[in-house]
Structure formats: structure tokens, C-alpha cells
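The values are calculated or read from the model by the stated rules, or taken from the named source; none is laboratory data. Please read all numbers here as calculations on a predicted model, not as lab measurements. All Cβ positions, even for glycine, are placed from backbone atoms using ideal geometry, and neighbour counts span all protein chains on display.
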Amino acid sequence: MAPSGAAELARPRRSLAVRLLVSEYLVLALTAVYFVVMWLLVPAIATADTLLDILAAMMPLLVVSIGQTFVLIVAGIDLAAPSILAAASVVGASMMTGEGGFALFTGVPILVGIIAFLGMGLFIGLLNGICTTRLNMPPFIVTLSTMMFFSGFALFYTSALTDDGSSFGDLPSAFVAIGQGTVHGVPYSLGVAAVVMLVAHVTLSRTVFGQWLYAIGRNPRAAAISGVPVKRAVMWAFIISGLCGGVASILYTGRLETGTPVLGQRILLDIVGAAVIGGVSLFGGKGRVTWTLYGVLFLSVVDKGLQLLGLDLASVFAIKGLVILCAAVLDAVRHRLMLRG
Amino acid sequence: MSARDPGSRGRHTTLFLLRNAPVLLFIVLLAAFGMMSGRFLTVTNFVNIFIQAAHIGIIAIGMTFVLLIGGIDLSIGANMYIVAAVLGLYLKDLPLVVSFPLVTLIGLAFGAVNAWFITRLRVAAFITTLSTLFVGRGIALYFSGNKMVGFSPEVLSLGRASYLGVPSAIWAFAIVFIVAFVTLSQTTFGRQIYAVGADADAAGKAGINVRRIVFSVYCIAGVCAAIGGLVSLSQVAVASSTFGFQKEFPVIAATVLGGTSLFGGRGGVLGTVFGAVLIQTVENGLVMTDADPYLYPLVISVIIFIAVFVDSTRTSILERLERRQIRVERA
């Protein structure tokens, strides 16, 4: 990051602690500290199986959080992300379920299903984008109402189309493999997430479009005056978030082997939280794909650690909250240090 | 603008319709539900709507203060649950005149913790209240052991009681509203809240203690969450482990529906009451017309969407129409 880099050059005498605090790897360092502490408490966390499990479990969250990062950079927020996961999950799964899927007659139900997943994501993202940019509505409230609508839609769709009214099961095994399968021990989902991450990273850091997004986030008026097509770019940020939601939904649905309307019901705060813990600003103009990766990694390791400790729900809630709060306090402190530096 | 101006009358009508768009939407809804169900347009039913809207309305009034300074409080649901758990588990034997103020103090303390992190440590409000949401619910779940929490019979009879013919929930709603309304519109503190929300830097330069104002709005939100929690629990008899869970969404929706801006400085509690009642009216209307329960969230979200859409287009059209025309038009 250029500003902090310059600051460090200007003040070479800062202590290691301060340097670590202002570095962008702070969250990564915190994750490592937490991991070591957990390792002492429950050695099982450091086994290959557990590590792979953490990795596989965090991939869908990573993909959807990367989408969120795009929207946060333009100073928006996409609260609809969990409903995109749910709606895409049930619509996609309804295409290819063995119990009378709509696309079975085509002979390529998995392909149609995947298109349906991405299509739902694209559609909801486009809807959010149109409402915020063309109708000038605040993103918070647009995505709040689309979240309510499509969560409700997913429940309605499932209740209307399934016998037990709860989920679409019996998915093709080739599809389930996307979420669960491995090549030489490496999960497919890791590959999918890596591709999404790479594309997102290059888009944000190496393309004009990426620069547009940062410019809009810092100052939309200045960006518009300098010739940035603000509305179109913000629209694309929402579409990207929607598409990432569709991809994440494929991974989640594959992992669970069912299309369910409660998919992602409780992870909204994890999605936004992960990005913000990584250092993405809620006020726009600041964020990186790698930062979001650190945030997601942090939350996933925290979750797994608490799970391995065998704590009850109450403690998991409380400790998770405290950990997020500590990360936020550290972030606030280092923000002040950077300003001073 | 003179009477001879041919466009004047039409413009007046447009302005009138736009200014009162939310009220018109409300009337349209009332008419629609009234036609579909004979039981809808009755006094009893309207009293019911207000009773059901009371707890969301009270918490949304607190949320209005927070949104007015450009903040946000996601932790109100956890606050409600702590209040319920403490009241049901530890203060069951105390008389209500003692236990209710005590748990309201807990709500205040919860708000003060949020405020401390936000004003002293300068942590973003979104992330602070997101964390205290988890911590608060975790602590309350620890108290309750993830089990149902019951309350003393007095709490329930208070929930069913009426004074001067008005149910207790509506009393609570009305008192909180009046106090909040007077505070915002008649006091220095109220003006300072708007000033901080409109431009915190400028307010600071004008001599307002911005930090104190920000601190107090989160305390107010905490107190309102506690009172709203009390109203809600006196209606439901037992609090399950999901009591208050994700209540932040309807509360924020009601506030924004009432015209309070998420960016601070614009709005008020009268609109918030309207927003809370509007949402409850829709829900009640759906029950009355025997709609499929799965359709409730769909309809409610569409109504919120339409209301906010109307509000945002209205604002931009009003700005254009009300702009004073200083160009001399040739006849």
C-alpha cells in the first residue's frame, strides 16, 4: 500500500511492534497467534485433515466475501448476499434433483443447474445494481429489501415444489463433487475459489475498471467529473457480488448435497465481518482481495478452533464476538498510528 | 407564482401528492386490505396493530437517534435477549417496579459499552455493534443455558392490562414516542443531534461536544431496546433462545421507511412510528386475508421497497420542483 509504505520510509526508527501493527499482514499475524494458542489447547487443530477441512469449509465464504469486497470498495453494501446463496441454491438444485428436476429432460441437467445458479446470482445482482444506480436508492435499504424478498422467495419456492417442503435432495453425484470432491487430496472448491480470487485480484489491481471502483469509493463526484462512468461501474460491482454469490452457492450446495432455502441464513455478518476485519473499509475506496482472504481465514480458523474446543453455543457466540471486537480495536488503533506516522 | 400561470395548478397537485406519498401508500393499503377482509377495518383490529407494532416501534425510535447522527446499532436484538434472560432468571421474585428499572439499566449499560468502543476507541459503529451482538447473545445464552425463559405472572398480566381503556403496550409506545419527539424537536440536545448528523466536523467547530452526543445516542438506543424487549416479552409469555434474533432488520426497515436517512442529519421519530405501524399493518392485513404465510416476507419486502423507492424519487423531484425560478419568462 503506497501511503503506509511512504510513511515507513519517512520514519525508519519505528519499533517492530508498531510496524507489525500498521502492516497489512496484521490479521494474518493474529490468525497465526490464535492458531498457536489453539494448538497448545487442542493439538488436533494442526493435523492435515483439520487443516484441509478448514480450507474446504472456508472456500464458499471466501468467494461470496470477495464479491462483497467489490461492493464495499464503491462504498456500497450488499446485504442480499445470503439470500442470493439461498435462492440460487433452491433454483439450481430444482433443475437437477433426481426427484423430477426441471432440466432432467435436456440430458445435461448439471449444466442447466449451474447456469441457473449463476443466473439467479446475476439477476439479483443486476436488480440491486439497477435500483441503486438508476433509481437512486440507498444500497443498504435496497439490498435489505431484496434480502427479505429472495429469502422469502427461496422458502416459498421450496415449499411449493418439494414434498416435504424443506429441501431439494438427490443431486447428481458429479455436481456434488464440485463441493466435496478432491484431486490428490486437494478439494475442487479450492481450485474454483482460487480462480475467482485470481480474477478478482487482477480486476481490482490491474485494470482500469478496478481503478474506477476505488475512485468512486473515495469520491464519487470527483470520479464522475474525471470521466468515470460511475453508474455503470457501481452496477457491475453489484453484478459481480451477485455472480460470486452464485458460485459460492454452487460450492455450498455441493458440500451439503441438498438445495436448501436456509443456506447462508446466518452468515451475512460473517461475510461483511470477514471483509471488514481484513481491512476493507465500509466507507469505500479501501480494500483488496488478499485482505478479504486474510479476514475469511481469520474467521474460519477462529470458528474451527472454538468448534474443536467443544464449547457450547453460548461461548462460541461470545468468544467470536470478542475476537471480532479485538480485531476491530486493533484496526482502529493502527489507523490512528498510520495517520500519525 | 401567479394564478395565471397555466402549469401552476398541476404543479401544486404534483407537489401535494409527492409530499404525502407515504401516507397515500398507507391509505391505498388500508383500502385494499379493507376490501379483501371485512374484519380488517375495525377499531379492535387497529388497536391490535398498534399493540403488535409497539415493541418494534419503541426500538426503532431508539434506532432513529442513532441513524440521525449517521451511526448504526446492530446489537439491539442481543440487548433485548439479555434483558429477557436476566428478568426471567434472576429478578423473577422482585416486584415489577424494581425489576423493570433494573433491566432497563442493563439495556443502558449495553448501549454505553457500544458507545465507549465507538467514541473512545474509534471503532466503526457497524463492526462494534456487530461484535456486541455476538457477545451479548453469547452471555445471555450462557445465563439461560439455551433453554426457554419464563416470566412471573405479574409480567404477563401487565402485558394484558389496560389503563384508561388503553392497553399497556400502547402506553409504553406513546410515552417513549412523546419523550423522544420532545427531546428531538424542543431541546438543545435534539438540535445538537441533527447538527452532528449533518456534519460532525462543523458541529465540533461550533462548540458541540460531538463525542458526548454520539455517546448518548447509543445509550438511548440501548434503553429503547430494553423497553421494547420488555413490551415484547410481556406479550409472548416465554422467551426462546431466538428472542430478539435478527430484530435489527425490521427495526432499521421501520426507521428508514419513516424517512430517516441512513447517512445522518435527516428524519425524525414521527416518521419512525409511521414506518413501524405500516409494516405491522401489512403483516396484519396478510393474516386477515388468509394469505399463505410464506408470502409474508415477499409482500412486506416489496412494500418497503416501494415506499423507499417513492421516497427517493420524491426527494429528487421535489428538489427540482421547489427550486426557485428566477428566470423571467416571456409571455
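Taking the criterion of being touching a Leu at 6+ places or on another chain (Cβ under 7 Å), charged (D, E, K, R) and touching a residue at least 12 places away in the same chain (Cβ under 8 Å), would at least one residue in the range A:331-340 satisfy it?
Checking the range A:331-340: at least one residue is touching a Leu at 6+ places or on another chain (Cβ under 7 Å), charged (D, E, K, R) and touching a residue at least 12 places away in the same chain (Cβ under 8 Å).
Which condition from (1) closer than 21 Å to A:A80 by Cα; (2) surrounded by fewer than 24 Cβ atoms within 10 Å (Cβ to Cβ); (3) among the hydrophobic types (A, V, I, L, M, F, W, C); (4) more than 11 Å from chain B (Cβ to nearest Cβ) is the one that A:L282 breaks?
So A:L282 meets the others, but not (4).
Sort out for me the helices (runs of 4 or more DSSP H) sitting completely within the range B:148-261 that have 2 or more residues that are of a type in the set (S, T, Y) and modelled with pLDDT of 85 or more.
The helices (runs of 4 or more DSSP H) meeting that bar are B:168-186, B:188-198, B:210-236.
Out of curiosity, is A:S65 among the polar types (S, T, N, Q) and modelled with pLDDT under 85?
Criteria not met by A:S65.
Read through the list (1) at the interface with chain A (Cβ under 10 Å from one of its Cβ atoms); (2) in contact with a Gly (Cβ under 9 Å, 6 or more places away or on another chain), then give the number of the only condition that B:F110 fails.
The number of the failed condition is (1).
For B:T44, are the conditions met, namely being of a type outside the set (A, V, I, L, M, F, W, C) and more than 29 Å from B:V210 (Cβ to Cβ)?
yes
Select from the range B:140-161 the residues that are touching a helix residue (DSSP H, G or I) at 6+ places or on another chain (Cβ under 7 Å) and closer than 19 Å to B:V97 by Cβ and write down the one among them that is nearest to the other protein chains (Cβ to nearest Cβ).
B:F151
Do the conditions hold for A:L313, that is, is it more than 16 Å from the chain's Cα centre (by Cα) and more than 12 Å from chain B (Cβ to nearest Cβ)?
Here the answer is no, as A:L313 does not meet what is asked.
Assuming A:Q180 fulfils every condition listed in (1) surrounded by fewer than 19 Cβ atoms within 10 Å (Cβ to Cβ); (2) within 12 Å of chain B (Cβ to nearest Cβ); (3) of a type in the set (S, T, N, Q) apart from one, which condition is it?
Just one mismatch for A:Q180, condition (2).
Looking only at the range B:152-184, which residues are farther than 19 Å from B:I59 by Cβ and either of a type in the set (G, A, S) or in contact with a strand residue (DSSP E or B) (Cβ under 7 Å, 6 or more places away or on another chain) (or both)?
The answer is B:S152, B:S157, B:A161, B:S162, B:G165.
Is it the case that A:L269 is within 13 Å of chain B (Cβ to nearest Cβ), without any contact (Cβ under 8 Å) to a residue 40 or more places away in the chain and within 17 Å of the chain's Cα centre (by Cα)?
Criteria met by A:L269.
From B:R320, B:R266, B:R314, grab the single residue that is in a loop (DSSP other than H, G, I, E, B), under 27 Å from B:L15 (Cβ atoms) and within 14 Å of another protein chain (Cβ to nearest Cβ).
Of B:R320, B:R266, B:R314, the one residue that is in a loop (DSSP other than H, G, I, E, B), under 27 Å from B:L15 (Cβ atoms) and within 14 Å of another protein chain (Cβ to nearest Cβ) is B:R266.
Suppose we filter A:G254, A:G264 for residues that are away from chain B (no Cβ under 14 Å), in contact with a Ser or Thr (Cβ under 8 Å, 6 or more places away or on another chain) and not in a strand (DSSP E or B); which single one remains?
The unique qualifying residue is A:G254.
Take the residues in the range B:279-299 that are charged (D, E, K, R) and at negative phi, then tell me which one is farthest from the other protein chains (Cβ to nearest Cβ).
Among those that are charged (D, E, K, R) and at negative phi, it is B:E283.
Between B:A276, B:A254, B:A307, which is within 14 Å of chain A (Cβ to nearest Cβ), buried (at least 21 other Cβ atoms within 10 Å of the Cβ) and within 20 Å of B:F40 (Cβ to Cβ)?
Exactly one of B:A276, B:A254, B:A307 is within 14 Å of chain A (Cβ to nearest Cβ), buried (at least 21 other Cβ atoms within 10 Å of the Cβ) and within 20 Å of B:F40 (Cβ to Cβ), namely B:A307.
When you scan the range A:287-308, do you find a residue that is modelled with pLDDT under 80, away from chain B (no Cβ under 11 Å) and more than 28 Å from A:N219 (Cβ to Cβ), even just one?
The answer is no, given that none of the residues of the range A:287-308 is modelled with pLDDT under 80, away from chain B (no Cβ under 11 Å) and more than 28 Å from A:N219 (Cβ to Cβ).
For the range B:55-112, which positions are of a type outside the set (A, V, I, L, M), in contact with an Asp or Glu (Cβ under 9 Å, 6 or more places away or on another chain), closer than 13 Å to B:T129 by Cα and not in a helix (DSSP H, G or I)?
B:D73, B:S75
Would you pick out the residues in the range B:39-56 that are within 13 Å of B:A254 (Cβ to Cβ) and either in contact with a strand residue (DSSP E or B) (Cβ under 9 Å, 6 or more places away or on another chain) or among the hydroxyl-bearing types (S, T, Y) (or both)?
B:A54
State yes or no: is A:A233 under 13 Å from the mean Cα position of the chain (by Cα) and touching a residue at least 12 places away in the same chain (Cβ under 8 Å)?
No; evaluated as a whole, the condition is false for this residue.
State all residues of the range B:113-139 that are more than 8 Å from chain A (Cβ to nearest Cβ) and part of a helix (DSSP H, G or I); if no residue qualifies, say none.
B:V113, B:N114, B:A115, B:W116, B:I118, B:T119, B:A125, B:T129
Hey, can you tell me all the residues within the range A:279-319 that are at negative phi, in a loop (DSSP other than H, G, I, E, B) and not acidic (D, E)?
Selection gives A:V280, A:S281, A:L282, A:F283, A:K286, A:R288, A:L309, A:L311.
Can you tell me which residue among A:S159, A:S151, A:S145 is surrounded by fewer than 18 Cβ atoms within 10 Å (Cβ to Cβ), part of a helix (DSSP H, G or I) and within 9 Å of chain B (Cβ to nearest Cβ)?
A:S159
Quick check on the range B:59-79. Is at least one of its residues at pLDDT below 90, touching a Ser or Thr at 6+ places or on another chain (Cβ under 7 Å) and not aliphatic (A, V, I, L, M)?
no
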